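Take a look at the structure below.
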Amino acid sequence: MSEQPYSGKVSVGGPAQVHELADLMISKVAVGPMDNNAYLLRCRATGEQLLIDAANEAHTLLTLIGDDGIASVVTTHRHGDHWQALREVVDATGARTYAGREDAEGIPVPTNVLVDDGDTITVGRVSLTARHLVGHTPGSIALIYDDPHGHAHVFTGDCLFPGGVGNTHNDPEAFARLIDDVETKIFGALSDETWVYPGHGNDTTLGAERPQLPEWRKRGW
């Protein structure tokens with residue numbers, strides 16, 4: 001684990017970064033070969049853990065998880081770079097699997113719990129709210145932790161990054177759906193202080209990205 005203040009900047013082969021909140025610890029690690037981020041959430045009160053995206057490098061993820069194991073693993077969407085280690089992690093931990101209802105069929109590890117917009121996923125005494133975001137894939141989900149001691153934290157998968165929404169492969173209809181959902185369900189519901197944890201690359205905040213929304217719409221990606 002890194003002992004440096006949390007910045008959200010991690011690199012493949014480097015240490016995890018830990019964001020310590022009052023009720024929740026968030027550990028971020030990068031795995032190759034596509035520089036995916038995986039996030040381990042730990043409830044401080046109970047010690048229960050949840051993994052977001054078993055992307056790759058099962059050994060790296062299982063080392064991060066440690067002897068306490070995980071109760072659940074959430075896959076943010078169906079693209080293969082976000083579930084390469086899912087089978088090995090589930091086999092090693094017995095974790096319950098979650099994925100968006102419309103994407104589950106594209107994930108080759110059975111999904112125990114199909115997730116719809118507004119559903120609650122718990123890790124110990126901490127609750128996460130799932131938001132269904134259409135456009136990058138049919139069933140992508142973001143997870144929102146509304147910290148009662150501060151601002152919200154949102155895990156966006158590949159739907160929102162610093163500088164733009166996720167790839168919609170030059171499909172204007174898909175782009176319109178995604179930016180509409182991101183504006184309404186993320187920017188429209190959460191404050192500028194909200195911390196954003198994306199599926200690749202560095203973290204950001206909604207406040208840093210909000211002024212760019214008109215430009216994103218204008219450019220169409």
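Quick notes on this structure:
- Segments classed as strands (runs of 3 or more DSSP E), wholly inside region 119-184, with at least 3 members that are modelled with pLDDT of 95 or more, within 19 Å of Asp35 (Cα to Cα) and in contact with a strand residue (DSSP E or B) (Cβ under 6 Å, 6 or more places away or on another chain): 152-157
- Residues of region 118-137 satisfying the condition of being free of Cβ contacts under 8 Å to residues at least 40 places away in the same chain and more than 14 Å from the chain's Cα centre (by Cα): Gly118, Asp119, Thr120, Thr122, Ser127
- Region 185-221, subset of a type in the set (Ser, Thr, Tyr) and in a strand (DSSP E or B), residue surrounded by the fewest Cβ atoms within 10 Å (Cβ to Cβ): Thr205
- Selected residue (only one of Arg78, Arg101, Arg96, Arg87 is without any contact (Cβ under 8 Å) to a residue 24 or more places away in the chain, surrounded by fewer than 22 Cβ atoms within 10 Å (Cβ to Cβ) and among the basic types (Lys, Arg)): Arg87
- Every residue from region 33-72 that is within 21 Å of Ser7 (Cβ to Cβ), surrounded by 22 or more Cβ atoms within 10 Å (Cβ to Cβ) and among the β-branched types (Val, Ile, Thr): Ile52
- Test: residue in region 159-172 that is in contact with a Ser or Thr (Cβ under 9 Å, 6 or more places away or on another chain), hydroxyl-bearing (Ser, Thr, Tyr) and surrounded by fewer than 22 Cβ atoms within 10 Å (Cβ to Cβ): no
- Candidate set from region 1-13 (those that are free of Cβ contacts under 8 Å to residues at least 60 places away in the same chain and surrounded by 15 or more Cβ atoms within 10 Å (Cβ to Cβ)); member that is nearest to Ser127 (Cα to Cα): Tyr6
- When Ala30 is tested against (1) under 23 Å from His132 (Cβ atoms); (2) among the hydrophobic types (A, V, I, L, M, F, W, C); (3) without any contact (Cβ under 8 Å) to a residue 24 or more places away in the chain, only condition (1) is not met.
- Residue list for region 169-221, filter: farther than 13 Å from Val154 by Cα and touching a residue at least 60 places away in the same chain (Cβ under 8 Å): His200, Gly201, Asn202
- Whichever residue in region 123-155 is of a type in the set (Ser, Thr, Tyr) and under 10 Å from His77 (Cα atoms) and, among such residues, is surrounded by the fewest Cβ atoms within 10 Å (Cβ to Cβ): Thr137
- Strands (runs of 3 or more DSSP E) wholly inside region 14-105 containing at least 3 residues that are under 16 Å from Arg125 (Cα atoms): 24-31, 36-43, 49-52
The values are calculated or read from the model by the stated rules, or taken from the named source; none is laboratory data. Everything numeric here is computed off the predicted structure, so don't read it as measured data. Cβ: placed from backbone, ideal geometry, glycine included. Neighbour counts: every protein chain shown.
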